[in-house]
Amino acid sequence: QVQLIESGGGLVQAGGLLRFSCAASGRVFNSLTMSWFRHAPGKERGLVAGITWGVARTTYADSVKGRLTISRDNAKNTVYLQMNSLKPEDTAVYYCAARLVFAVTSNTASYTYWGQGTQVTVSS
């Protein structure tokens, strides 16, 4: 069983930055593809970014390319999401998710493990 614990959300002004962390329990982190999703009011939960295990191949949603960076530290069992130049439309609950398949997917049903979510609010 893997537990994902997120931290780093909060309230920030437009143009600001935030850095999220997602710490995973268990001994399989090196075999997990890790992704961040977000769920805004009135919208479906959507993929923001993902990173595979091994070669750490990254994937980003078009709406965040150039502003977000996903990375992982296998020694710390932690994945990070650095968000720069935040916009009000980035306001959402952000979730960390993990799967044991070597590929990032936007299909939420394909992820086995989920964090509890962390709120990000970007004020204009």
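One line per residue, one yes/no per condition, for (1) under 19 Å from residue 114 (Cα atoms); (2) modelled with pLDDT under 95; (3) touching a helix residue (DSSP H, G or I) at 6+ places or on another chain (Cβ under 8 Å):
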site: 13; (1), (2), (3): no, no, no
site: 23; (1), (2), (3): yes, no, yes
site: 26; (1), (2), (3): yes, yes, no
site: 29; (1), (2), (3): yes, yes, yes
site: 33; (1), (2), (3): yes, no, no
site: 36; (1), (2), (3): yes, no, no
site: 44; (1), (2), (3): yes, no, no
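Could you check how many residues of region 69-119 are in contact with an Asp or Glu (Cβ under 9 Å, 6 or more places away or on another chain) and either open to solvent by 20 Å² or more (accessible area, probe 1.4 Å) or farther than 18 Å from residue 54 by Cα (or both)?
Residues in region 69-119 being in contact with an Asp or Glu (Cβ under 9 Å, 6 or more places away or on another chain) and either open to solvent by 20 Å² or more (accessible area, probe 1.4 Å) or farther than 18 Å from residue 54 by Cα (or both): 10 in total.
For region 54-71, enumerate the residues that are in contact (Cβ under 8 Å) with a residue 40 or more places away in the chain and in contact with a Phe, Trp or Tyr (Cβ under 9 Å, 6 or more places away or on another chain).
54, 57 - these are the residues of region 54-71 that are in contact (Cβ under 8 Å) with a residue 40 or more places away in the chain and in contact with a Phe, Trp or Tyr (Cβ under 9 Å, 6 or more places away or on another chain).
Scan region 29-54 for residues that are open to solvent by 10 Å² or more (accessible area, probe 1.4 Å) and part of a helix (DSSP H, G or I) and jot them down.
30, 31
Among all residue pairs at least 6 apart or on different chains, which show Cβ distances below 6 Å where the first residue, located in region 10-25, is within 23 Å of residue 97 (Cα to Cα) and the second is in a strand (DSSP E or B) and open to solvent by 40 Å² or more (accessible area, probe 1.4 Å)?
From region 10-25, the pairs are 11/121; 19/82; 21/7; 23/5.
Looking at (1) open to solvent by less than 50 Å² (accessible area, probe 1.4 Å); (2) at pLDDT 95 or above, which is the one condition that is false for residue 58?
(1)
The values are calculated or read from the model by the stated rules, or taken from the named source; none is laboratory data. Remember, predicted model here, so these are calculated numbers, not experimental data. Quick reminder, even Gly has a Cβ in these numbers, built from the backbone with ideal geometry, and neighbours come from all protein chains shown. Heavy atoms of the whole protein, side chains included, go into the accessibility calculation; ligands, DNA and RNA do not. Shrake-Rupley method; radii C 1.70, N 1.55, O 1.52, S 1.80 Å.
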